[in-house]
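Where a number appears in this text, it was derived from the coordinates with a stated rule and is not lab data. Nothing here was measured: the structure is a model prediction, and the numbers come from that model. With ideal geometry, Cβ positions are generated from the backbone for all residues, glycine too; neighbour counts draw on all protein chains shown.
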Amino acid sequence: MDDMVRNTLYSSQPTLISMAKESKQIVLMVDDDPDDQEILIMALKEVDKDIVCTALSDSLEAMDKLKKDVSFVPDYIFLDLNMPKLNGLECLSQIKQLDHLRKSRVIMYSTSGETKIIQKCSEIGAAHYLVKPTGFSSLIEALVSIFKHN
Amino acid sequence: MSSIDNIPHFAGAGPKMVTELQDYAIILLNVNGDVINWNVGAERIKGYKTDEIIGKSFRQFYMPADQRNKLPEKLIEKAKQHGNVTHEGWRMRKDGSRFWGSTVITALHDSHGAIVNFTEITRDLTAKRDTDYELKTAAETLAKRNEALRKSEEQYHKMVSEVRDYAIILLSPDGDIMSWNLGAERIKGYKAEEIIGKNFRIFYQLQDRIDGRPDRLRQQAIDNGSAVDEGWRVRKDGSRFWGSITITALHADDGSIIGFSKVTRDLTEKKNLIDDLQQTSSELQQRNDELQKSEERYHQMIAEVQDYAIILLDENGNILNWNAGAEKIKGYKATEIIGTNFRIFYTDKDKAEGLPQKLINQAITTGKATHEGWRVRKDGSKFWGSITITALHDLNGNILGFSKVTRDLTERKLADDKMREYIIMLERQNLELEQFAYIASHDLQEPLRKIQTFADIIQHNLHDKKMMERYFEKIKISTARMRALINSLLDYSRLGKEKGNKIYTDLNMVLETVLFDFELLIQEKHATIINDPLPSIEVYPDQITQLFANLIGNALKFSDKKPLIQIKSQLVAKQQLQSPPEHLTKNEYIELSFQDNGIGFDSEHEELIFSIFQRLHGRSQYEGTGIGLSICRKIVESHSGFIRAKGTPGKGACFYVYLPVK
């Protein structure tokens, strides 16, 4: 699936971000919905075609990996809020306790946009809160602005 | 010195005179005192005949005592010496009776002066003596009486004059005042000198005088001896007093009226007192009558009131009286219950907690105690009573007893309870609806969002056929999911409406139907289903079918090996249930257990799995809308039952369905 995504050219595209980078950006995505994974990764690729994406469906598995594999330091971690077993918030808290991930930017990714929850995520240390947009272009726009931020 | 012969007389008169004189005993005695001559008078007076007495001594005419004292001899001697002697005294007759004689004894001399004989002339003076005696006695008596009277009169006078509380006066026959006393002065105000001589009418009120009252009383005294009257009299200063008077007529020996005594007592105080008393008495009587009427009215009112039990308790809570309402509400008749303690109306639990005494104490301290709670009737049934106990006090503030008013509010309470239940149910339903709406919109948005995104992607990849195909497929999947969700939601919301009636259903038939529906999936998964014979109970058949379908479907879906499903049933009593939910109303339940060997779940999530849309597993792994178990719970609850689940991760899960048996 990754190949397919990589080979896609999204024509009338907004500006490609050219960044001065020493290495390729690494993105970890944790979401139990395969469609959402696919969409996000596709969008990311549009933003940065060199981006390296990893998608994991099981939050427990994901956390396990993050804890054990200290060499794996994503630049961005996208967390779906609504997941079985360990939900997004719990993952966020745990990530924030991991020293080697202190530079990783965690972005909460959810369908709900409740102020309370957004506040909570911010308190715990999320870098951004992204409401799953309706439509592909809006998603790309949102991602651009997130990356620009940095 | 005389002799008979010398008595001037006519010839022969002497002897005749003597012999025939009847009133005088004239006898001749010799010198020794013996009788020589006798006459008729002597016979008459002394009783002896001539021949009886001639020659006998004159001594026997004298009383024995005189004879002993030698009185006859003494008289003879005196006659000898003085010529004659006179003596009065008792003499004795022949028959022994005595007479009062006046005796003259004269000595008769011869020519030489020697005593020859004596004459004794006796006159019988008995009668005269009696009269004299009587007179004397009478005179003496009169004198004594007179003295006594005088003394008495003196005393009375003193008494009368000095008595202060009674006017005691004397009136003339015409009613003029003859005497006055201290009491009269005190009572009527006049001094003696001012009033004596005036008529007693003066004391009467003008109207009485016009009516002739004084004279009427006077006449009454004359006719009856006395007259008694009470009335207003007038004092000297014009003020009046209430006098009690007695006028007594005084009579002379011949019965004529010599005057009246009038005794007056001033009873003004007493009269005022009596008037007051009468006034008070009549007021009291009136009050009494009013109170009685009032009491009757109240009694009637209370007695006949049927909707309230109004009873009296003594200071210990024992029942003193009863009314129609009490009988109606509590079931006891008056005769059965009076004297019993009011504790009898309370439930055992309330009695154990001392509620009756608490209420009494509250009434004592604050005057009143109110309470609402279950009470017990005579037949043991319960009613919801609203009661007020009021303490009753006497004038000193001591507790006399209590009044207890009870109203049967059972109907209202039941209605209230129902209302409350209904409200709770409504609130719960409301909450469900809110959750439902929230979750529904939330969960539906997800596929919707995806469809939009996919459409977006397609639009920009119109040249890429493969891409388009891929995403059209995804769109279809999402729409299918939406449909599934919407259908589940509709199923869920429909539960409760259009239930229809419970029907006595054979659960084996239900199972058969469901297994038939799942035939393909069963084959695909190579599943084995084992079941005990299932009972027949009253259920909503469509709902139960769905329940079975959901549970069996889950068991088939959530498995990673060949599914083995075991279905069992048993009868369970309420008491046997382990931690049953609250408010279970039935006593017996059928327990249906659905045991699978699927992926199981963490017992931590026992409650969670029944929540709407709650999924324990990622969407990619196992299908399911997440509503299935919520629907199961709703179905079971609509039968007044409940559902439980136990699971072991990796081993399997067991779902327990409890349905009440009638």
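I want the local charge near A:VAL106. Using Cβ-Cβ distances under 14 Å, sum +1 for each Lys or Arg and -1 for each Asp or Glu among the other residues. All intermediate terms of the calculation are to be shown ahead of the outcome.
Numbers: positive: A:LYS96, A:ARG102, A:LYS103, A:ARG105, A:LYS120; negative: A:ASP31, A:ASP75, A:ASP80, A:GLU90, A:GLU123.
That works out to 0.
Between B:ASN199 and B:ILE486, how many nm apart are label points set 7 Å from Cα along the C-beta direction?
13.4
Could you pull out every residue, at least 5 positions away or on a different chain, whose amide H is within less than 5 Å of the one on B:SER226? Hs are placed 1.01 Å off N in the peptide plane, and Pro or chain starts have none.
B:ALA249
Can you tell me what the convex hull of the Cα atoms of the protein assembly as shown projects to on average, as an area in nm²? All intermediate terms of the calculation are to be shown ahead of the outcome.
On the way: hull surface 368.6 nm².
The number I arrive at for the protein assembly as shown is 92.2 nm².
Per-residue counts of other Cβ atoms within 10 Å, averaged by peptide: what ranking do you get for A:28-35, B:111-118, highest first?
Working: A:28-35: 22.2, B:111-118: 12.8.
Listed from highest to lowest mean packing, they are A:28-35, B:111-118.
Any chance you could give the angle, 0 to 90 degrees and rounded to 10, that helix B:126-162 forms with the longest Cα principal axis of chain B?
So the inclination is approximately 40 degrees.
In the range B:415-494, how does Rg compare with the Kirkwood Rh, expressed as the Rg/Rh ratio over alpha carbon atoms? Could the numbers behind the result be given before it?
Values: Rg = 20.1 Å, Rh = 15.2 Å.
That ratio equals 1.32.
Cut-off under 26 Å on the C-alpha distance; same-chain residues fewer than 8 positions from B:LYS557 excluded. Which lysines are left, in chain and number order?
Filter leaves A:LYS85, B:LYS450, B:LYS474, B:LYS476, B:LYS525, B:LYS568, B:LYS634, B:LYS646, B:LYS651.
Quick one: Debye curve from the C-alpha atoms of chain B, no solvent, what's log10 I(q)/I(0) at q = 0.05, 0.08 Å⁻¹?
Summing over Cα pairs of chain B leads to -0.66, -0.93.
Considering Cα pairs under 8 angstrom that are at least six residues apart, work out the relative contact order of chain B and quote it in whole percent. If you can, show how the numbers build up before the last one.
Numbers: 1059 pairs, mean separation 34.2, N = 662.
The value is 5 percent.
Let me see the P(r) profile for the range B:161-307: every Cα-Cα distance counted, bins of 5 Å, each bin given as a percent of all pairs.
That works out to 2, 9, 15, 17, 14, 9, 6, 5, 4, 4, 4, 3, 3, 2, 1, 1, 0, 0, in percent per bin.
Using θ = phi - 60° and the Karplus curve 6.51 cos²θ - 1.76 cosθ + 1.60, what whole-Hz ³J(HN,Hα) does each residue of the range B:233-249 get, with Gly and Pro shown as x?
Running phi through 6.51 cos²θ - 1.76 cosθ + 1.60 with θ = phi - 60° gives 10, 10, 7, 4, 7, x, 6, 10, 9, 9, x, 10, 10, 10, 10, 10, 7 Hz.
Counting only helical runs of four or more DSSP H residues, what would the 222 nm mean residue ellipticity of the protein assembly as shown come to if each run contributes -39,500 (n - 2.57) and the total is spread over all its residues? Can you show the working numbers first?
Details: 27 runs with 355 residues, N = 812.
Value at 222 nm, helices only, nearest 500: -14000 deg cm²/dmol.
Do the alpha carbons of any pairs in B:LYS46/B:LYS136; B:LYS330/B:LYS351; A:LYS45/A:LYS132 sit beyond 19 Å of each other, and which pairs?
Details: B:LYS46/B:LYS136 27 Å; B:LYS330/B:LYS351 17 Å; A:LYS45/A:LYS132 17 Å.
Pairs exceeding 19 Å: B:LYS46/B:LYS136.
To the nearest whole percent, what portion of all C-alpha pairs in the range B:305-408 is separated by more than 24 angstrom?
In whole percent, the share of Cα-Cα pairs in the range B:305-408 beyond 24 Å is 15.
Out of residues 5 or more away from B:TYR190 or on other chains, whose amide H comes under 5 Å of its own, with H placed 1.01 Å from N in the peptide plane?
Amide H neighbours of B:TYR190, under 5 Å, 5+ apart: B:LYS236.
Which aspartates and glutamates, if any, have their Cα less than 18 Å from the Cα of B:LYS188, not counting same-chain residues under 8 positions apart?
Straight-line reach from B:LYS188, under 18 Å: B:GLU162, B:ASP165, B:ASP176, B:ASP208, B:ASP229, B:GLU230, B:ASP237, B:ASP266, B:GLU269.
Using Cβ counts within 10 Å as a stand-in for footprinting exposure, how do A:CYS121, B:CYS654 rank, fewest first? Present the calculation step by step, with values, prior to reporting the outcome.
Details: A:CYS121 22, B:CYS654 17.
Fewest-to-most Cβ neighbours within 10 Å comes out as B:CYS654, A:CYS121.
By count of other Cβ within 10 Å, fewest leading, how are B:THR585, B:THR410, B:THR106, B:THR131 ordered? Could the numbers behind the result be given before it?
Values: B:THR585 7, B:THR410 16, B:THR106 19, B:THR131 11.
If I rank by nearby Cβ atoms, fewest first, I get B:THR585, B:THR131, B:THR410, B:THR106.
Can you run phi through the Karplus equation (6.51, -1.76, 1.60; θ = phi - 60°) for the range B:559-566 and list ³J(HN,Hα) in whole Hz, with x for Gly and Pro?
Whole-Hz 3J(HN,Hα) from phi for the range B:559-566: 9, 10, 9, 5, x, 10, 10, 10.
Would you mind checking the radius of gyration and Dmax of the range B:368-516 based on alpha-carbon positions, in Å?
Values for the range B:368-516 (Cα only, Rg and Dmax): 32.5, 110 Å.
Return the loop-located GluC sites (Glu not before Pro) in the range B:549-591 (DSSP other than H, G, I, E, B) with at most 13 other Cβ atoms within 10 Å of their own Cβ; answer none if there are none.
Values: sites: B:GLU582, B:GLU588, B:GLU591; in loops: B:GLU582.
Passing both the DSSP loop test and the Cβ count: B:GLU582.
Which aspartates and glutamates, on any chain, are close to B:LYS128 with Cα under 15 Å apart, when same-chain ones fewer than 8 places away are left out?
Within the straight-line cut-off, B:LYS128 pairs with B:ASP23, B:GLU88.
List A:VAL106, A:VAL70 from most exposed to least, where exposure is judged by having the fewest other Cβ atoms within 10 Å.
Working: A:VAL106 25, A:VAL70 11.
Exposure proxy ranking, most exposed first: A:VAL70, A:VAL106.
Please list, in order along the range A:46-52, the HN-Hα scalar couplings obtained from phi with the Karplus expression 6.51 cos²θ - 1.76 cosθ + 1.60 (θ = phi - 60°), rounded to whole Hz, x for Gly and Pro.
Working through the residues one at a time gives 5, 6, 9, 6, 8, 5, 9 Hz.
Would you work out the relative contact order for the range A:21-149, in percent, from Cα pairs under 8 angstrom that are 6 or more residues apart? Before the final figure, lay out the partial values.
Values: 192 pairs, mean separation 31.0, N = 129.
Here the relative contact order equals 24 percent.
Mind checking B:449-459 for the average number of partner chain beta-carbons within 10 Å of each residue's beta-carbon? If you can, show how the numbers build up before the last one.
Details: counts 8, 6, 1, 5, 14, 5, 3, 8, 9, 1, 3.
Mean shielding by partner chains, rounded to a whole number: 6.
Helix B:541-557 against the longest principal axis of chain B: what's the angle in degrees, Cα atoms only, rounded to the nearest 10?
Around 50 degrees separate the two axes.
Whole number please: convex hull volume per residue of the Cα set in the range A:21-149, in Å³? Display every interim value, and only then the final one.
Working: hull volume 12.9 nm³, N = 129.
Residue-normalised Cα hull volume stands at 100 Å³.
For helix B:355-366, report the angle its Cα long axis makes with the longest principal axis of the Cα atoms of chain B; keep it between 0 and 90° and round to the nearest 10°.
Taking Cα atoms only, the helix is inclined about 60 degrees.
Mind listing the long-range amide H neighbours of B:THR103? Cut-off is under 5 Å, sequence gap 5 or more, other chains count too, H placed in the peptide plane at 1.01 Å from N.
B:HIS87, B:GLU88, B:GLY89, B:ARG123
Provide the FRET efficiency to the nearest 0.05 for the B:LYS49-B:GLN155 pair, computing r from the beta carbons and using R0 = 56 Å. Numbers along the way, then the final one.
Numbers: r = 62 Å, r/R0 = 1.11.
My answer for the efficiency is 0.35.
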